[in-house]
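None of the figures in this text is laboratory data; all of them are computed from the coordinates on show. Since the structure is predicted, the reported quantities are computational estimates derived from the model, not experimental observations. Glycine gets a Cβ as well: all are built from the backbone with ideal geometry, and neighbour counts include every protein chain shown.
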Amino acid sequence: MARNTRKMLADSLKVQLTRKPLEKITISDITNGCDMNRMTFYYHFRDIYDLLDWMFRDIAERVLRRGSDMDSWESALEEMFRLTLENKDFILHIYRSLGWGRAERYLYDLISPLVRVQVMKYASRADVSEENAEFVVTFLSYGITGNVVEWINNGMSDEYETICGKLITILNGMPEAAIFKFVS
């Protein structure tokens with residue numbers, strides 16, 4: 001029940017974002033859009049930014065759920081790009097409303113768990129400290145995030161398969177090579 005209510009509020013926010021910028025949207029706009037009252041909103045969220053955080057966490061959890069079972073960069077990145085494109089209007093509105101900083105953080109939080117799964121496959125077989133493995137995760141996550149932000153900044157106009165293919169070309173073998181540079 002709570003998940004359905006949150007989803008309805010999230011869907012209402014997405015509709016509102018097609019009508020006006022985030023900073024002009026009120027709690028009443030969101031609740032009126034899904035026939036709920038303000039108290040229902042506040043039962044689930046502190047404010048609109050808390051709702052946004054939940055929406056991005058929900059996308060990230062779906063990507064991670066699907067991506068963690070994937071054996072390769074290719075399938076994990078394709079899934080991440082597919083879900084990003086599936087939420088294109090929402091993500092573009094948020095990117096334009098919040099600017100670089102918060103939007104980048106959302107994307108990093110989406111990408112980092114996928115990278116961690118891939119990196120830890122190699123780290124678990126090598127004598128590498130947790131600190132060094134996390135450094136590799138951070139390095140690769142920011143590289144991918146930067147490319148995704150650039151794609152979003154360009155309106156997601158390029159086919160995601162092109163960017164995804166370039167990232168895969170660069171990433172193939174990179175986590176393993178980076179991890180083994182830290183082997184004791």
How far is helix 2-17 tilted off the main Cα axis of the chain, in degrees rounded to 10, range 0 to 90?
80 degrees
The distance between the Cα centres of the stretch 131-173 and the stretch 17-38, in whole Å, is 33 Å
Roughly how many debye, to the nearest 20, is the charge dipole of the chain about its Cα centre, given +1 on each Lys and Arg Cβ, -1 on each Asp and Glu Cβ, and no other charges?
560 debye
Low-density loop positions, GluC sites (Glu not before Pro), the stretch 103-184 - DSSP coil, at most 13 other Cβ in 10 Å
Glu159
Rounded tilt (10° steps) of 100-123 against the dominant C-alpha axis of the chain
40 degrees
In the structure shown, of Lys121/Lys181; Lys24/Lys88; Lys121/Lys166; Lys88/Lys121; Lys14/Lys166, the pairs separated by more than 25 angstrom at the C-alpha atoms are Lys88/Lys121; Lys14/Lys166
Kirkwood Rh, Cα atoms: Rg over Rh of the stretch 2-129:
1.06
Any idea what angle helix 130-153 forms with the longest principal axis of the chain, computed on alpha-carbon atoms, 0 to 90 degrees, nearest 10?
50 degrees
The chain: calculated mean residue ellipticity at 222 nm from DSSP helix runs of at least 4, using -39500 (n - 2.57)
-25000 deg cm²/dmol
